[in-house]
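Here's the structure, in structure tokens; my notes come after.
The values are calculated or read from the model by the stated rules, or taken from the named source; none is laboratory data. Just so it is clear, the structure is predicted and the values come from calculations on it, not from any experiment. Cβ placement follows ideal geometry from the backbone for every residue including glycine, while neighbour counts extend to all protein chains displayed.
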Amino acid sequence: RAGSLSAPLRDRFGVLSRLEYYNERQLTDIIVRTAELLETEIDWLSAQELARRSRGTPRIANRLLKRVRDFAQVRGNGAIQDTLAEEALELMQVDRLGLDHIDHKLLKGIIEKYRGGPVGLETIAATIGEESQTIEDVYEPYLLQIG
């Protein structure tokens, strides 16, 4: 959050970089590699499904993979294939856009209580019972990215 630094301090760094989100193919490759490290069998379509719902972030992709692996070990033979990944993700309430139940709660709050906005950060945070800093740092960037 470069905006949190004063301009003189920011200027001393010389190079300011902005991290970009990973694309679906890159995330799929990461998921396949992590599955190999975890000694978990995963088919390509399941890896793609996980990548699609990972919000462009490898850390989230790996977290979802581990939870889906757990689901596969309990529900099946430990392999992640066919519709198992989709079933596990739906159980975890992660939709096809990567939105989870808090994202949906946030959007519903804006739409239903405030008729689509405008609404302030503190107000929506109080409405849904979430910290404003969490909304600003965790949920808002991805929602803005996907439009």
L143 meets each of (1) assigned to a helix (DSSP H, G or I); (2) modelled with pLDDT under 95; (3) surrounded by fewer than 14 Cβ atoms within 10 Å (Cβ to Cβ) with one exception, condition (3)
Filter the stretch 76-99 down to residues that are out of contact with any Lys or Arg (no Cβ under 9 Å at 6 or more places or on another chain), outside any helix (DSSP H, G or I) and surrounded by 12 or more Cβ atoms within 10 Å (Cβ to Cβ), then give me how many there are.
5
Just to be sure before I move on: is R53 under 17 Å from V32 (Cα atoms) and free of Cβ contacts under 8 Å to residues at least 40 places away in the same chain in the structure I sent?
no
Mind listing just one residue for me: the one in the stretch 14-36 that is at pLDDT below 80 and hydrophobic (A, V, I, L, M, F, W, C) and, of those, nearest to E49 (Cα to Cα)?
L19
Any idea which of (1) of a type outside the set (G, A, S); (2) in the same structural domain as D29 (by TED's automatic domain parsing); (3) farther than 19 Å from I31 by Cα; (4) assigned to a loop (DSSP other than H, G, I, E, B) is the one R55 doesn't satisfy?
(3)
Qualifying position, being under 19 Å from P141 (Cα atoms) and either of a type outside the set (S, T, Y) or assigned by TED's automatic domain parsing to the domain that holds E140 (or both), among I42, I60:
I60
